[in-house]
Each structure stands twice: as structure tokens, then as C-alpha cells.
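So the structure is just underneath, and the comments pick up after that.
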Amino acid sequence: MLKDLFMKGGPVMWPLLVSSLVAVSVVIERLLFIAREKRRRSPELVEQILSSAETGQIDEAIRAGKNSEDFVARTLVYGLTHREKSFSNALFRAANQELKRFNQGLPVLDTIITLAPLLGLLGTVTGMIRSFGLLGNSALEAPTVITGGIAEALIATAFGLAIAIVALIPFNYLNARQEEARHEIEDASTHLELILMEEPAKR
């Protein structure tokens, strides 16, 4: 049944099939990445780094988070390591590097969500052109040829919309996880920056 529908959709169904496979691959890889990063999170370690920095034990804070797999801890450690040069810029660079990992694959998914309905519409238009081309031959004798051809042409649009709709849900979820990571990094970085700004004032 599905194979018959696919064959009736016309040549544009092949790009749609490739798009759907790419979308599935990206979604699976990204979900595994999010699950892995969630397991690696260590809020206790982040608090330990901040506490050590607050008491002036910067070297201890760096040692505590040096080999951590927590992306927030890595950001803070990078900033502390380069604090003598430009602390804010170091935090900004580290945050960008971490968020870049969260953004991987999302542009591809975004493109597929936009492209799939357009490919479906293209398949429908070309299918209708092909169907109306039969008007001079058999339309008057067998009108079902035209209506059947139009129905088959709409299959491409249905597939394109289905791909976009299904891909949109994980795309929004992944974007939400990226924003959540951004907020966590910004919150910890701001906290650390405020701690280090208080040190000179105490002296």
C-alpha cells in the first residue's frame, strides 16, 4: 500500500524520501546527544567551582572542574583559566563553543521542514500538468483518468506536509534544549563574574 502510494507520487517522491531519512537521522543523533549531555550534567560540581571562587581559591576551582564533562563547568573553568587576559571574552568564547555543539544539525532540520512542503507542492503541480495533458486524448471518454491523476498528484503534497509536521516537533524540542543550555551557561557565568568583581572590593 505504502509502496503503491510512493510510486504514484511521481519522481519528486525520491527527494522527499531522502529528506525524511536525513530528518530521522538528525533527530535520532540529536536526541542521543541531549540524553548524553543530561547524564554528564553535574550541578554539584558547578556549585563547588563557584564556592571555591567565592572563597578566593581559584586554583582549586580550576582543578575541580578541569576534567569535567559538564558543559557549564567547562565554560567556567575556561573563563577562570584565562581570567588574567580577558575573563568576559574567555567566558563568551567558551559559551559559544559549547552552544555550537547544541546547534549542530538544527539548520539541516530547519531546511527540511521548509523544503519538504515545497517539494510536495512541486510534485503536485507537475502531476496536475501531466494529468491535464491527457485532456486531448482520453478525458472526454474517461474523466476518471483526470481525477485519478489529480488525486495521485496530491500524494506528494501530503507526504511533504507530513515530513514537515513530524520534524517540527523534535525541532522545537531541540531548540528548547539549546535555549535551556544557554540560560544555564549564562546564569553560572554571570554568577562567577559577580564573584570575581567582589574580590577587589573586599580588598
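The values are calculated or read from the model by the stated rules, or taken from the named source; none is laboratory data. It should be emphasised that the depicted structure is a prediction, and the values quoted were computed from it without experimental measurement. For neighbour counting, all protein chains shown are included, and Cβ atoms are generated from backbone atoms with ideal geometry for every residue, glycine included.
Conditions: (1) modelled with pLDDT of 90 or more; (2) surrounded by fewer than 14 Cβ atoms within 10 Å (Cβ to Cβ); (3) under 30 Å from the mean Cα position of the chain (by Cα). Residue 42 meets all but one. Number of the miss?
Of (1) modelled with pLDDT of 90 or more; (2) surrounded by fewer than 14 Cβ atoms within 10 Å (Cβ to Cβ); (3) under 30 Å from the mean Cα position of the chain (by Cα), only one is false for residue 42: (2).
Taking into account only those residues within segment 153-184 that are of a type in the set (A, V, I, L, M) and more than 18 Å from the chain's Cα centre (by Cα), which is farthest from residue 28 (Cα to Cα)? It would help to see each step written out before you state the result.
Filtering segment 153-184 for residues of a type in the set (A, V, I, L, M) gives 153-156, 158, 161-169, 174, 176, 181.
Those left that are additionally more than 18 Å from the chain's Cα centre (by Cα): 153-156, 158, 161-162.
Working: 153: 31, 154: 29, 155: 26, 156: 25, 158: 23, 161: 20, 162: 18 Å.
Only one residue fits best here, namely 153.
List the residue pairs whose Cβ atoms are under 6 Å apart, where the first residue sits in segment 109-132 and is closer than 20 Å to residue 29 by Cβ, the second is surrounded by fewer than 16 Cβ atoms within 10 Å (Cβ to Cβ) and charged (D, E, K, R), and the two are 6 or more positions apart or on different chains.
Matching pairs, first to second residue: none at all.
Just to be sure before I move on: is residue 68 more than 30 Å from residue 164 (Cα to Cα) and either basic (Lys, Arg) or surrounded by 14 or more Cβ atoms within 10 Å (Cβ to Cβ) (or both) in the structure I sent? Spell out how you get there, then give the answer.
Details: more than 30 Å from residue 164 (Cα to Cα): yes; either basic (Lys, Arg) or surrounded by 14 or more Cβ atoms within 10 Å (Cβ to Cβ) (or both): yes.
Spelling it out, residue 68 is indeed more than 30 Å from residue 164 (Cα to Cα) and either basic (Lys, Arg) or surrounded by 14 or more Cβ atoms within 10 Å (Cβ to Cβ) (or both).
Is one or more of the residues making up segment 77-89 of a type in the set (S, T, N, Q), buried (at least 16 other Cβ atoms within 10 Å of the Cβ) and touching a residue at least 60 places away in the same chain (Cβ under 8 Å)?
no
Yes or no, residue by residue, for (1) within 20 Å of residue 12 (Cα to Cα); (2) outside any helix (DSSP H, G or I); (3) modelled with pLDDT of 95 or more; (4) hydrophobic (A, V, I, L, M, F, W, C):
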| residue | (1), (2), (3), (4) |
| --- | --- |
| 108 | yes, no, yes, yes |
| 111 | yes, no, yes, no |
| 125 | yes, no, no, yes |
| 131 | yes, no, no, no |
| 138 | no, no, no, no |
| 144 | no, no, no, no |
| 148 | yes, no, no, no |
